[in-house]
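Below is one structure, written out as structure tokens, with a few remarks after it.
The values are calculated or read from the model by the stated rules, or taken from the named source; none is laboratory data. This is a predicted model, so every value here is computed, not measured. Reconstructed Cβ throughout: ideal geometry from the backbone, glycine too, with neighbour counts over all protein chains shown. For the accessible areas, the whole protein counts, side chains as well, though only heavy atoms, and no ligand, DNA or RNA atoms are used. Shrake-Rupley method; radii C 1.70, N 1.55, O 1.52, S 1.80 Å.
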Amino acid sequence: MTTDDDALNVNTAHTARVYDYYLGGKDHFKADRVAGEHAEQVHPHVRTSALENRKFMLRAVRHLAGHGVRQFLDIGTGIPTEPNLHQAAQEVAPAARVVYVDNDRLVLSHARALMTGTDEGRTTYVHADVRQPDSILTAPELLDTLDLSQPVAVSVIALAHFLDDPQDPFGIVAELMGAVPAGSYLVMSHATADFGPEMGEVARVYRESGMTAQVRTGDEFARFFTGLDLIDPGITTPHRWHPDIDPSEAMDGQVQFYAGVARKN
């Protein structure tokens, strides 16, 4: 993950902008396209992984909204791509409240697109860095929008693999979940090389392009859910978490990610 200070350096690839490239957006620069193209060379289905991750996030949000969750905290939001999380949540529960968090100044410039929700609900944006979770949890915008005494779904989609071990991603996620009450949920996905070597090569390309990247095993991914209760179907791949249609077996080797949703009791 690049820092807030260098997020505007268009000559260095940035994770949010490379993701925008994968999703077919237009808010990226040459360095981001080059990194994305190199990643596609070593893993031709990396774009599929990005698309399936986003679909998983939207399905998980709709699922939780359908089961009574009315507050969502989306960390590592990225550049707005419709449908956004608040649209999925408020489609099911118009009164849902959503807080988006990212540290990329390009995302900040698009923040208004993230705050056009329903009249009944609320959406807002916090410009902060996940490596400093306290800056998120104490942000006035968050505290004005979410009631942290009530359940919150914390979304950490395709983000933790941009935190290497010295940055303590497990501690960061634990701190975030420690700030929300029982009945809250963690929605998470993470890159892995368990299903093939390609995603490990993508991580190498990212590092060579100036970004932090670290794939993790299934056992390591499970550590993020320590103390939480995984909901059906447990830890799986994004395309197999309550899919709208049954995915092909061919996709199993293409989407080299883990995904899961767990409840805090």
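Within the stretch 215-265, being modelled with pLDDT of 95 or more, farther than 27 Å from Asp168 by Cβ and among the acidic types (Asp, Glu) holds for one residue alone: Asp232. Applying the set (1) surrounded by fewer than 19 Cβ atoms within 10 Å (Cβ to Cβ); (2) within 24 Å of His38 (Cβ to Cβ); (3) out of contact with any helix residue (DSSP H, G or I) (no Cβ under 7 Å at 6 or more places or on another chain) to Met199 leaves exactly one unmet item: (1). Can you work out which of the residues in the stretch 95-110 that are of a type in the set (A, V, I, L, M, F, W, C) and open to solvent by 10 Å² or more (accessible area, probe 1.4 Å) is farthest from Arg131 (Cα to Cα)? Step by step, filter the stretch 95-110, then rank; the result is Ala95. Inside the stretch 203-262, residues that are farther than 20 Å from Ala50 by Cβ, part of a strand (DSSP E or B) and open to solvent by less than 50 Å² (accessible area, probe 1.4 Å) make up a count of 1. Looking for something touching a residue at least 60 places away in the same chain (Cβ under 8 Å), closer than 20 Å to Lys264 by Cα and of a type outside the set (A, V, I, L, M) - is there at least one such residue anywhere in the stretch 126-142? No, the conditions are met nowhere in the stretch 126-142.
Would it be correct to say that Phe72 is buried (at least 21 other Cβ atoms within 10 Å of the Cβ), at pLDDT 95 or above and under 26 Å from Asp194 (Cα atoms)? So Phe72 does not fit the description; no. Looking at Val107, Val101, Val180, Val173, just one residue is assigned to a strand (DSSP E or B) and either under 23 Å from Leu58 (Cα atoms) or not aliphatic (A, V, I, L, M) (or both), and that residue is Val101. Apart from one condition, Asp32 fits all of (1) within 16 Å of the chain's Cα centre (by Cα); (2) of a type in the set (Asp, Glu); (3) open to solvent by less than 20 Å² (accessible area, probe 1.4 Å); the exception is (1). Inside the stretch 116-150, can you point out the residues that are open to solvent by 80 Å² or more (accessible area, probe 1.4 Å), assigned to a loop (DSSP other than H, G, I, E, B) and within 22 Å of Gln90 (Cα to Cα)? Once the filter is applied, which keeps residues that are open to solvent by 80 Å² or more (accessible area, probe 1.4 Å), assigned to a loop (DSSP other than H, G, I, E, B) and within 22 Å of Gln90 (Cα to Cα), the stretch 116-150 yields Thr116, Asp119, Glu120, Gln150.
Being of a type outside the set (Ser, Thr, Tyr) and either touching a residue at least 60 places away in the same chain (Cβ under 8 Å) or in contact with a Cys (Cβ under 6 Å, 6 or more places away or on another chain) (or both) is a condition met by no residue of the stretch 227-237. Here is the figure for the stretch 78-94: residues that are open to solvent by less than 20 Å² (accessible area, probe 1.4 Å) and assigned to a loop (DSSP other than H, G, I, E, B) total 4.
One residue stands out among those in the stretch 17-29 that are open to solvent by 10 Å² or more (accessible area, probe 1.4 Å) and touching a residue at least 60 places away in the same chain (Cβ under 8 Å): the one that is nearest to the chain's Cα centre (by Cα), which is Tyr19.
Here the stretch 47-68 is the region considered, the condition is being touching a Phe, Trp or Tyr at 6+ places or on another chain (Cβ under 8 Å) and open to solvent by 10 Å² or more (accessible area, probe 1.4 Å), and the residue that is farthest from Ser184 (Cα to Cα) is Arg47.
Given the criteria part of a helix (DSSP H, G or I), closer than 27 Å to Glu82 by Cα and of a type in the set (Lys, Arg), does Arg112 qualify? Yes.
Residue pairs whose Cβ atoms lie under 6 Å apart, separated by 6 or more positions or on different chains, with the first residue in the stretch 75-86 and under 17 Å from Arg97 (Cα atoms) and the second among the polar types (S, T, N, Q) and at pLDDT 90 or above, are His86/Thr123.
Inclusion of Met199 among residues that are aliphatic (A, V, I, L, M), touching a strand residue (DSSP E or B) at 6+ places or on another chain (Cβ under 7 Å) and not in a strand (DSSP E or B) is warranted.
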